[in-house]
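Enquirer: Below is a structure I'd like to ask you about.
The values are calculated or read from the model by the stated rules, or taken from the named source; none is laboratory data. Everything quoted here is computed from the prediction, not taken from an experiment. Methodologically, a virtual Cβ is constructed for each residue, glycine included, from the backbone with ideal geometry; neighbour enumeration extends over all protein chains shown. Ligands, DNA and RNA are excluded from the accessible area calculation, which covers all protein heavy atoms including side chains. Shrake-Rupley method; radii C 1.70, N 1.55, O 1.52, S 1.80 Å.
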Amino acid sequence: LVWFAVIAQVFSYLSSGYLIKMIAYEKQRILGVLRGTLIYIAGESVALAGGMASSMAATYYWVWSDNEDSSQGVLSGILPFLYNSAALITVSIIGMIVLLFNHTLTLNQVYFYSLILVVLITGLLFIIYVLLHRDKFQKLINYIEKKLSKIRKRDYDLTGIRTGISNFYNGIKILENGGWIRYGTGPAFNVIFDMLTIYIFFIAAGFQIKLSVLVAGYGLAFLFGRSTFFIPGGSGVIEAGMVAIYTSLGVPNHISVVAVLGYRFLSFWLPSILGFGAMLYLKKTNK
């Protein structure tokens, strides 16, 4: 069963690599998926040290070095984050509904999780608004440039930012005419295989967990982990949150601890270690 969990987690990461492959390695089949996966894993390791912004920048660099295409690099850095955030919001909402019907959440917990959801949804809606209103976003950049120059009493050159914005808008044309659904298959399967991994760990630990309970613990724990953005990867927070939620939903505490720690080792800690090796490989093989 643990080997089945390993296979499920491998497919989870391959699904994320598939998204990068679709963006940057469209003409390459298996090779593109494998390289996209290495880039994704390496980016996750970079995030441990420098946060999500550093991960996006590193992904951009590796894709750009391969293809010398700035628009592909920008999309490869941003789209996985956007899709993963959308998936997290969806699963979290389902989890909250399950817990509310089970009368498990306290009023304070409802307020807390709802606040995090509102922040994430607001951010996502802002990004969607920006995607649909290029001119207004560029005017906002010009306004910020003028204000910074006025406050600091010296000129600010945001040409690099404008170039990045232009590359991004040129790149997102691939999402038109229903393309956003096709590009969303990778992130969707990433979440599905990731949840399958922890499900198998519960089975391996001798407990038949309900799907509703599985989704609730998974979604809300990662939602809580996303709120503690100052902790790399939500390490410790996600583990503790998952154990607490699953235990409150009737899973024996010792089962929750074994399943959650096994899952997090396989899905987070081990790939984070392997990601540093992927970074060295990408450095050697970049054009």
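Enquirer: Could you check how many residues of segment 166-215 are at pLDDT 85 or above, open to solvent by less than 20 Å² (accessible area, probe 1.4 Å) and of a type in the set (Ser, Thr, Tyr)?
Expert: Counting residues in segment 166-215 that are at pLDDT 85 or above, open to solvent by less than 20 Å² (accessible area, probe 1.4 Å) and of a type in the set (Ser, Thr, Tyr) gives 1.
Enquirer: Taking segment 91-123, which residues are free of Cβ contacts under 8 Å to residues at least 12 places away in the same chain and not in a helix (DSSP H, G or I)?
Expert: His103, Leu105, Thr106
Enquirer: Scan segment 135-165 residue by residue and report those that are open to solvent by 80 Å² or more (accessible area, probe 1.4 Å), under 29 Å from Asn177 (Cα atoms) and at pLDDT 70 or above.
Expert: Asp135, Lys136, Lys139
Enquirer: Of everything in segment 1-32, what is surrounded by fewer than 21 Cβ atoms within 10 Å (Cβ to Cβ) and either at pLDDT below 80 or closer than 20 Å to Tyr183 by Cα (or both)? Give them in sequence order.
Expert: Val10, Phe11, Leu14, Glu26, Lys27, Gln28, Arg29, Ile30, Leu31, Gly32
Enquirer: For Ser45, indicate whether it is under 15 Å from the mean Cα position of the chain (by Cα), buried (at least 17 other Cβ atoms within 10 Å of the Cβ), among the hydroxyl-bearing types (Ser, Thr, Tyr) and modelled with pLDDT of 80 or more.
Expert: Against the criterion (under 15 Å from the mean Cα position of the chain (by Cα), buried (at least 17 other Cβ atoms within 10 Å of the Cβ), among the hydroxyl-bearing types (Ser, Thr, Tyr) and modelled with pLDDT of 80 or more), Ser45 qualifies.
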